[in-house]
Each structure stands twice: as structure tokens, then as C-alpha cells.
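Chemist: Here it is, the structure, as C-alpha cells.
The values are calculated or read from the model by the stated rules, or taken from the named source; none is laboratory data. All values reported here derive from a predicted model rather than from experimental measurement. In this analysis, Cβ positions are derived from the backbone assuming ideal geometry, glycine residues included, and neighbour counts consider all displayed protein chains.
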């Protein structure tokens, strides 16, 4: 099982798993369901008592998911290539524009060195590729104590906080 | 110039520590080469033909003598004792060892310098006019805006993995554009609106490379306080919509062209409206704080020295030439800006030795308030020299080989490092520059030709900006042999034009003759004081083609 970091801590026994819904549309609780599922059946499961999430892959856009944000506990972005930075902007939009307060998770091809920027863009959960990389990611957590820009965590840019 | 406070210093120090740790992990084999790649690139480190190449940021080309001296000592201690000044106002070391790079960055941080985002698919160094702040023809000093953009773009968490690199340039002059803003991903032109308020005219989607395109206007007037939220909006749309399937189609210019400027504008404006009145709106306190760093130096109350200079020119014809070509008028009476030429024939354009740059730093202290600028034409500027000191400064520069009186002429060649150094190059570029400079070394002839930009790139990436040279030369590879394509009529200025290719390419040894024929055609066809560029646009390419490709008898 790949290590999960949430809010700066390793988390054991994470219940969430990507689930491709079967032909009968059945799915378990804690399923991360693909965007296509939410688009086609999101309205029908509005009253589900299950805790549910969504998984977005390279090429998916968040627009179609917006109506279902109140139902989503987790939105997980799968990185096919670590150099594909689109999810950074999606996460920022989800937090700053759509006020999404659930978990935003990164998994797939992500580097420990990206965790800080991902966090600042709005991600709060990270599935690293190995135990060692998870340790590195945790150790890198305090690399920067200063930042110039506003971001999903700190809405005030440095110029509004600067004390001279 | 901008001086770091504890926040700026802390960030740069922490960046050094971060890169040291990353380099250790790479050397220990924990980080794969392809994973280390974007990390080192975002610290300016390329792996090149012979060795790594480290590109050091010179924000908008401005530096202090202390910083320049540190560059000299770094080049001595960690490299071969010389550096290269680039077309984007930065400085490159061509031979550092990978293991030493963290120490080099540490030494840079001590003098408030860094290599952050000088390469990689992120927001690069913001550039501007090398005469910013000292010319009369200026809406206002653009450098505070460049610094505000520098801080916003530095370690921006959302835009570190863009589809491709991203370059921003700012111009404040009204009649000239030395920053070539129309050929940047975003070009910002300071303007005044009808109410007399200052703002930015914003261009987007310009660039060189494989598909040279001038930027298009996306907004005619952006209030200055909205600068950062608007930049965020453009970058966010580009980050989400730009192509990632093909690196040659990944620049914002391709997206803007494919969508059309109107559709692109709609997306940007919609995104901007969501954030425009939020916390990213610049405060007047911040604008004033940054502007405070760029107040005028302690000029003396002097008069222009027309009589003295006329006398000196009369007595020394060489000084007369230097004064005509290498000295720029200053808005402060009694002062002038001078260009230290790094274009001595026989030396790679834009290169300088550690000894030379140490002395340039001394001259900056002695003559120009300890500040220098790097120009997009790969020269160094001393921006605040008393006119009464010009002659003694000229004599010192002459002794160093730094007073080549050819600024703005054919011999002030812009040239990338090319196949001699660069792993991306298809062909050598420096020997071409040298061959042209050697062939056309007659100053009277060069002066008679007047202003001509000759730009040379060793490959399609166009670091030598060949597309926007009045004469552009591009190195191409044909079955392992180096050939050179010549274009005419490019213009980096306000008009922003891409040159047109003359015809089939040439071998290296043909280039001086080809340039000679192009110049002959110009001299025959020009009207009285017509510039080369204007003649090319008036008569078109045909007369040049006929001359160059005529069968030799």
C-alpha cells in the first residue's frame, strides 16, 4: 500500500479507493468515482448516505463536477506525469472560487518536492510512490517559511503582511 | 535598486538549502535524472554539451558592483574565469561542476542574487529597457513593476509546471521598445489613459522559436493595482488550456492563435473578475515601498557639457566615434548613459572575463553610483556617468578592449552560445558572428550603414532572436552539415515584425559574402537617410534575392 500523508502526518488504513462502477451502477462506500460517473449518474445518487469522492485524470476538467461538490468528501487528482501542472490550478479554483472544504488528494506520479506547491495550491492529501519518498516529503515540509503570493491556504500575499 | 529585506533574504537562503538537499538526493541516486531535471532547471541548471550550464538571474538586468564582483569571483573559483551575458539580461556560467552548484547559489544569496526560475517550464526573469529610469521618453520607471512581478512570480506554487516556459517583459518608453515586449508571452506597455491615470496595455501570445508571432493586445488599459490578479488569470487559463502533447506547440502563443484573441480574452476576463477585487489587488503602500527602492541616485546639479565634449571630440576622432555610438542621452542634465561593448571582434559576443568584469565593477563605483545594467543586446550599461568624466572613462574602457564604438551597428551582433557550447544547437553561431565582424571591420563603412541589428541563433529555439534581427541568421542542420538561413526585415521595436526568409540556406563560409551583397543592395537602393530596415520594407525582398542568388560568372 502506498503511503498517504494528510495534514502533515502519515495516515494508516485509509478507506478511500478508486472504483470504476460496474454495469449495474453499484459501488461501495468510500469509492472515488470517475468524472464520467458523476456526469451521468450524479443526480440519481443525490440522496446516497455513502461517503463518496471523485477521481479526476489527465484531460478531465472540473466544471462538470461543480454541481456535485456538496456530495463530495474527497476529490482525487491522478497525476499521469508529474510535469503536468493543471491540477495545481484546479485545486486553487476548487478552494478559492468554489469554497470546497473536503479533501483534495494527489496520487500517481508526484514527487516529494512538489508537495509544498501542491499544498499551497489547495491539496491536503498526498499518496507518495514509496515509504522513502513519503519520509522525504515529510522532511521537506518546513523548507520555506516565507512566500510572496497569496494561495489556497494563505489568502493574503506577503505585501499585505510585510512588517518592516 | 531593490534591496532585500529579511523576507526576501530568508526566501533565497531557504531556496539554496532546498537545492542542496535535492542535489544530495540526486547524487545519492534517490532522485532519478528525469525527476531531478525540472528541479535543477528551476534553479537555472542545464546539463550541456561539455558541462552543466548555470544561468544566474539578473532581475530586469539591474545589478550592483558588489554583485558583479561576486560573479567574477565565482567564475574564477568554480568556472574558467569568464561569463556570458544573455539576450534576456541574465548571466551564464558555462563550466560549473554539478556538485559545486549549491555552494555557488549560496555565494549568490550572500549578495542578494539567485538562479530561481531562469529555466524550466515556469515564469522566467522579467526583462525591461536597459535605459529604464534615465531616459526622458518614459511614462514612468518600469523597474518597480518588474520587481513587483519578480516577487509575485518567484516560487509561485501554481505555475511551476506550466506547459512551457513563460516570459514577461515591460516597456515604459513611448517611442521605442528596447525590451521587445511584442515578442514575449506577456508584454506590458505602461500607458496613460484619457483621465491621466497610469496603467498597462497588455499584449499576450508573442514569442520567437519555431513559430515566431508578435503578441496581440488583450487589454488596452489595465489599472496598475490590478496587475497581479490579471497576470494570475492569464497564467491560470494558459496552465489549464495550453497544449501539453507537443512541446513545440505548448507556448501560449499557440493557444492564443488557435483560440483567437477574442475567445482567449473572454476566458481571462471571466477568471480575472473572480479575483480582481481580492487580496491580490496591489496596495498603494506596496507600490510606494517598491518605488522607494528606485529613487534617483544623488545626482549633482550640473549643466550639459556640450562645449567640453565638442572640444574633446574635435581633438580625438576615436572618442568622437565612441560618443556617437556608445553614449545615450540622459534625462538628468550633465549626465549620460554609456554602453560597455562586449562585442570586440575575435571574442564571443556577450562574453567577458573575470578581470574585465572586476574592472567594470570598479568603473561602476567610480563613475556610476555602483550600479550596472545588462542589455538585451548583450552589453553592459553604466547608466549615470557625469558628462565631464566621459573622456577619462572612455580611455579606461579602450585600454580594456571594452570601447568598441559599434553599438547599434552591424557589428553589435546578438548571438547565442551556439554549437560550441549548447546541447540544443544545430549549428555554431559564434564563428559566424566573428566572420561577419572581421569582414566588416571598417568603422566608416559601418557608420555609413547606420543602425542594423544582426541577430544569430544556432537553432530554432532562437536565443539569438534571429527572427527580429533586421538581418537574422539561423543555423540549421542538414544531414549532419551546418547551414545558415538568412532573413531580412525583422524588427524588435514598437512595430514588432518577424523577418522574412531570403531563400535557400548557405554554408558558413558563404555568409560574409551574402551579407556583403545584402548591404550593397541596401546602399544602392536607399533614399537619403533611410535606415536599412526601412529600405527592406519599402523595396521588399526581391532586389536582395536577385543579388544574393545571382549566378556567379
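Chemist: Where in the range B:435-553 are there helices (runs of 4 or more DSSP H), lying wholly inside it, with at least 2 residues that are crowded, with 21+ Cβ neighbours inside 10 Å? Working first, answer last.
Modeler: Values: elements: B:443-449, B:511-525, B:532-539, B:542-549.
Here the list reads B:511-525, B:532-539, B:542-549.
Chemist: Further question: Could you pull out every one of the helices (runs of 4 or more DSSP H) wholly within the range B:264-360 that has 3 or more residues that are away from chain A (no Cβ under 14 Å) and without any contact (Cβ under 8 Å) to a residue 40 or more places away in the chain?
Modeler: Details: elements: B:284-292, B:306-315, B:317-326.
By residue number, B:306-315.
Chemist: Would you mind finding the one in B:287, B:261 that is closer than 21 Å to residue B:226 by Cα and touching a strand residue (DSSP E or B) at 6+ places or on another chain (Cβ under 8 Å)? It would help to see each step written out before you state the result.
Modeler: Numbers: B:287 fails: touching a strand residue (DSSP E or B) at 6+ places or on another chain (Cβ under 8 Å).
Going through B:287, B:261 in turn, just one is closer than 21 Å to residue B:226 by Cα and touching a strand residue (DSSP E or B) at 6+ places or on another chain (Cβ under 8 Å): B:261.
Chemist: Of B:112, B:151, which residue is out of contact with any helix residue (DSSP H, G or I) (no Cβ under 6 Å at 6 or more places or on another chain), over 22 Å from residue B:206 (Cα atoms) and within 14 Å of chain A (Cβ to nearest Cβ)? Write out each step before concluding.
Modeler: On the way: B:112 fails: within 14 Å of chain A (Cβ to nearest Cβ).
Criteria check complete, one pass: B:151.
Chemist: So which residues in the range B:154-211 are more than 14 Å from chain A (Cβ to nearest Cβ), in a loop (DSSP other than H, G, I, E, B) and within 29 Å of residue A:91 (Cβ to Cβ)?
Modeler: First, the residues of the range B:154-211 that are more than 14 Å from chain A (Cβ to nearest Cβ): B:167-211.
Adding the requirement that they be in a loop (DSSP other than H, G, I, E, B) leaves B:167, B:172-180, B:184-185, B:193-197, B:205-206, B:208-211.
B:167, B:184, B:185, B:205, listed by residue number.
Chemist: Right, something else. Can you tell me which residues in the range A:54-71 are more than 13 Å from chain B (Cβ to nearest Cβ) and either closer than 30 Å to residue B:33 by Cβ or crowded, with 23+ Cβ neighbours inside 10 Å (or both)?
Modeler: A:54, A:55, A:57
Chemist: Still on this structure, please answer the following. Name the residue that is surrounded by the fewest Cβ atoms within 10 Å (Cβ to Cβ), counting only residues in the range A:136-164 that are more than 9 Å from every other protein chain (Cβ to nearest Cβ) and touching a residue at least 60 places away in the same chain (Cβ under 8 Å).
Modeler: Ranking the qualifying residues of the range A:136-164, first place goes to A:141.
Chemist: Go over the candidates A:149, A:119 one by one and state the one that is closer than 23 Å to residue B:15 by Cβ and in a loop (DSSP other than H, G, I, E, B). Working first, answer last.
Modeler: Details: A:119 fails: in a loop (DSSP other than H, G, I, E, B).
Step by step, each of A:149, A:119 is checked, and only A:149 is closer than 23 Å to residue B:15 by Cβ and in a loop (DSSP other than H, G, I, E, B).
Chemist: Does the range A:122-135 contain any residue that is within 7 Å of another protein chain (Cβ to nearest Cβ) and surrounded by 20 or more Cβ atoms within 10 Å (Cβ to Cβ)?
Modeler: Within the range A:122-135, none of the residues are within 7 Å of another protein chain (Cβ to nearest Cβ) and surrounded by 20 or more Cβ atoms within 10 Å (Cβ to Cβ).
Chemist: A follow-up question, please. Can you tell me how many residues in the range B:68-83 are closer than 11 Å to residue B:357 by Cα and either touching a strand residue (DSSP E or B) at 6+ places or on another chain (Cβ under 7 Å) or in a strand (DSSP E or B) (or both)?
Modeler: At the first step, the residues of the range B:68-83 found to be closer than 11 Å to residue B:357 by Cα are B:68-73, B:75, B:81-83.
Those still in the list that are either touching a strand residue (DSSP E or B) at 6+ places or on another chain (Cβ under 7 Å) or in a strand (DSSP E or B) (or both) too: B:68, B:71, B:75, B:81-83.
So the count comes out to 6.
Chemist: Have a look at B:403, B:399, B:423 and point out the one that is part of a helix (DSSP H, G or I) and either out of contact with any strand residue (DSSP E or B) (no Cβ under 7 Å at 6 or more places or on another chain) or in contact (Cβ under 8 Å) with a residue 60 or more places away in the chain (or both).
Modeler: Numbers: B:403 fails: part of a helix (DSSP H, G or I); B:423 fails: part of a helix (DSSP H, G or I).
It is B:399.
Chemist: If I go through the range A:94-117 residue by residue, how many of them are in contact (Cβ under 8 Å) with a residue 12 or more places away in the chain, touching a helix residue (DSSP H, G or I) at 6+ places or on another chain (Cβ under 8 Å) and either at the interface with chain B (Cβ under 8 Å from one of its Cβ atoms) or farther than 20 Å from residue A:61 by Cα (or both)?
Modeler: Selection size over the range A:94-117: 7.
Chemist: Return the residues of the range B:398-422 that are surrounded by fewer than 22 Cβ atoms within 10 Å (Cβ to Cβ) and either at pLDDT 95 or above or under 11 Å from residue B:341 (Cβ atoms) (or both); say none if nothing qualifies.
Modeler: Passing the criteria: B:398, B:400, B:401, B:408.
Per-residue answers, yes or no, for (1) surrounded by 21 or more Cβ atoms within 10 Å (Cβ to Cβ); (2) on the phi > 0 side of the Ramachandran plot; (3) part of a loop (DSSP other than H, G, I, E, B):
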| residue | (1), (2), (3) |
| --- | --- |
| B:89 | yes, yes, yes |
| B:95 | no, no, yes |
| B:104 | yes, no, no |
| B:115 | yes, no, yes |
| B:131 | yes, no, yes |
| B:134 | yes, no, yes |
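Chemist: When the residues of the range B:215-240 are filtered to those that are more than 25 Å from the chain's Cα centre (by Cα) and buried (at least 19 other Cβ atoms within 10 Å of the Cβ), which remaining residue is farthest from residue B:180 (Cα to Cα)?
Modeler: B:240
Chemist: Let me ask something else. Could you check the range B:367-390 and list, in sequence order, the residues that are buried (at least 20 other Cβ atoms within 10 Å of the Cβ) and free of Cβ contacts under 8 Å to residues at least 24 places away in the same chain?
Modeler: Across the range B:367-390, the qualifying residue is only B:368.
Chemist: Considering only residues that are in contact with a strand residue (DSSP E or B) (Cβ under 8 Å, 6 or more places away or on another chain) and in a strand (DSSP E or B), which ones fall in the range A:1-25?
Modeler: Scanning the range A:1-25 gives A:4, A:5, A:6, A:10, A:11, A:17, A:18.
Chemist: Scanning for something more than 14 Å from chain A (Cβ to nearest Cβ) and more than 26 Å from the chain's Cα centre (by Cα), does the range B:243-255 turn up at least one residue?
Modeler: no
Chemist: Counting residues that are surrounded by fewer than 17 Cβ atoms within 10 Å (Cβ to Cβ) and either more than 11 Å from every other protein chain (Cβ to nearest Cβ) or under 24 Å from the mean Cα position of the chain (by Cα) (or both), which strands (runs of 3 or more DSSP E) fully inside the range B:1-67 reach at least 1?
Modeler: It comes to B:45-47.
Chemist: Oh, and also: What's the total number of residues in the range B:256-277 that are buried (at least 20 other Cβ atoms within 10 Å of the Cβ) and touching a helix residue (DSSP H, G or I) at 6+ places or on another chain (Cβ under 8 Å)? Talk me through it step by step, then tell me what you get.
Modeler: Pass one, the range B:256-277, residues buried (at least 20 other Cβ atoms within 10 Å of the Cβ): B:256, B:264-265, B:268, B:271-272, B:275.
Filter once more, keeping what is touching a helix residue (DSSP H, G or I) at 6+ places or on another chain (Cβ under 8 Å): B:256, B:264, B:268, B:271-272, B:275.
Residues in the range B:256-277 being buried (at least 20 other Cβ atoms within 10 Å of the Cβ) and touching a helix residue (DSSP H, G or I) at 6+ places or on another chain (Cβ under 8 Å): 6 in total.
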